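The values are calculated or read from the model by the stated rules, or taken from the named source; none is laboratory data. Note that the structure is predicted; figures quoted are calculated from it, not measured. Every residue, glycine among them, receives a Cβ derived from its backbone with ideal geometry; neighbour counts consider all protein chains shown.
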Amino acid sequence: MNISFIGTGNYLPEIIQSNSRFEKSEFIDENGKAFEADNKEIIEKFQAITGIESRRYLEPHLNTSDMGFFAAQKAIENAKISAEKIDYIIFAHNFGDVRHGEIQTDLLPSLASRVKNKLGIQNSKCVAYDMIFGCPGWVEGVIQAKAFIKSGMAKNCLVIGAEALSRVVDINDRDSMIFADGAGATIVSATNDGGDILANVTTTLANDEAYYLYFGKGNKASNKDQTRYIKMLGRKVYELAVVHVPSAMAEAIEQAGVSISEVKKVFLHQANEKMDEAMVKRLYRKFKADAPEGVMPMNIKEVGNNSVATVPVLFDMVRRKQMPEHELKKGDVILFASVGAGMNLNCIVYRY
């Protein structure tokens, strides 16, 4: 029995926000002080490091669960199965539904239950639950789906990764330019001759690293303002990622019993272009090899960092030939890897 991706789908919001929209922003540091550099210089440096030129923001009338539903519909259609045959719905996110213009997160009922309801699934044995695991949530959801299928508890699992970070950013924080919205979904199933998950590795670093990403007060907040926003110790995240993610990928490759030369694509969490390039370079260095040109598909330039959604969106775009410079062939060995709040990181080795 193989454990295969038999269907994928994604949803990217229609609102495109270019870097130029931040030229009139009031950026201040965590101490409430203005930066010496003007906004154009700040934006130019930001783009040079992250590679982001634009990002997608969710339409005001929609929410994270809506994006997950749209992506799930496409994945089910792509898989050519009935939604009634889905045994588990695993919805990875971090902030739940946050209505436009409001500050409360809404997790009751779970987003997975909302998707099941929207899909109209009548099967009560289809279990729906949410996963809060930082940006690596979708990858970890796939690892859990693998466990359910291996144990005989499931044949088909719908794994969704979605986030609307535009609803939880501090507009006075420079890091707000990184974050974006989107959703990706996959059907993971038991098959006789499809692709197969060869190995997986997961790590949680929760000592000094636990609060590298956290919910904190706004940079311009008064003492009376209790609103909290997504905050990040960017340098700390970078230093952790470039050391630990390549190690996890190398460990998974060795567990899978494949050669680094067999790896055709690395689907890496789209957080920061320079950071991703450094991680892939260090991975190949561990095997005394050079990273092949085009091994890492990237869409961060156009869509930004949509957290849990980045890896499944990227995978779906390549499968649907929406990135002409990249293609997947039967038998290709590919990696999925991510790092994020927790601090969590993980990797899957998959033979397509």
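The residue that is nearest to the chain's Cα centre (by Cα), among those in region 169-191 that are under 30 Å from Lys220 (Cα atoms) and among the polar types (S, T, N, Q), is Ser176. Being within 23 Å of Tyr11 (Cα to Cα), hydrophobic (A, V, I, L, M, F, W, C) and either outside the structural domain of Ala72 (by TED's automatic domain parsing) or buried (at least 23 other Cβ atoms within 10 Å of the Cβ) (or both), is that true of even one residue in region 150-157? Yes, that holds for at least one residue. Checking region 201-223 against the condition returns a match, with at least one residue being assigned to a loop (DSSP other than H, G, I, E, B), surrounded by 19 or more Cβ atoms within 10 Å (Cβ to Cβ) and at pLDDT below 90.
Residue by residue, here is whether (1) assigned by TED's automatic domain parsing to the domain that holds Ala83; (2) among the charged types (D, E, K, R); (3) farther than 26 Å from Asp276 by Cα holds:
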residue: Gly9; (1), (2), (3): yes, no, no
residue: Ser25; (1), (2), (3): yes, no, yes
residue: Ile28; (1), (2), (3): yes, no, yes
residue: Glu36; (1), (2), (3): yes, yes, yes
residue: Gln47; (1), (2), (3): yes, no, no
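The set of residues from region 247-277 being in contact (Cβ under 8 Å) with a residue 40 or more places away in the chain, in a helix (DSSP H, G or I) and over 12 Å from Leu198 (Cβ atoms) comprises Ala248, Met249, Glu251, Glu273, Lys274. Scanning region 59-100 for residues that are of a type in the set (A, V, I, L, M) and touching a helix residue (DSSP H, G or I) at 6+ places or on another chain (Cβ under 6 Å) turns up Ala72, Ile76, Ala83, Ile89, Ile90, Ala92, Val98.
Candidates in region 224-246 are the residues that are among the basic types (Lys, Arg) and not in a helix (DSSP H, G or I); of these, the one that is nearest to Asn305 (Cα to Cα) is Lys231. Contact list please: Cβ distance under 7 Å, first residue in region 3-31 and closer than 20 Å to Gly141 by Cβ and at pLDDT 95 or above, second residue part of a strand (DSSP E or B) and among the basic types (Lys, Arg), pairs at least six apart or on different chains. Every condition considered, the pairs that remain are Leu12/Arg56. Look at (1) closer than 29 Å to Phe27 by Cβ; (2) not in a helix (DSSP H, G or I) and you find that Pro292 fails only one, number (1). Residues in region 278-289 that are outside any loop (DSSP other than H, G, I, E, B) and charged (D, E, K, R) were compared, and the one that is surrounded by the most Cβ atoms within 10 Å (Cβ to Cβ) is Arg282. For region 46-78, the tally of residues that are under 21 Å from the mean Cα position of the chain (by Cα) and in a helix (DSSP H, G or I) stands at 18. Checking the conditions here, which among Val159, Val188 is in contact with a Cys (Cβ under 6 Å, 6 or more places away or on another chain), in a strand (DSSP E or B), under 28 Å from Val349 (Cβ atoms) and touching a residue at least 60 places away in the same chain (Cβ under 8 Å)? Testing whether each residue is in contact with a Cys (Cβ under 6 Å, 6 or more places away or on another chain), in a strand (DSSP E or B), under 28 Å from Val349 (Cβ atoms) and touching a residue at least 60 places away in the same chain (Cβ under 8 Å) leaves just Val188.
A single entry from Phe5, Phe46 fulfils the requirement of being over 30 Å from Val159 (Cβ atoms) and surrounded by 14 or more Cβ atoms within 10 Å (Cβ to Cβ): Phe46. Within the bounds of region 179-190, is there any residue that is of a type in the set (Val, Ile, Thr) and surrounded by fewer than 24 Cβ atoms within 10 Å (Cβ to Cβ)? Within region 179-190, not a single residue is of a type in the set (Val, Ile, Thr) and surrounded by fewer than 24 Cβ atoms within 10 Å (Cβ to Cβ).
Remark: Gly194 falls outside the filter, which requires a residue to be within 17 Å of the chain's Cα centre (by Cα) and either assigned to a loop (DSSP other than H, G, I, E, B) or free of Cβ contacts under 8 Å to residues at least 12 places away in the same chain (or both).
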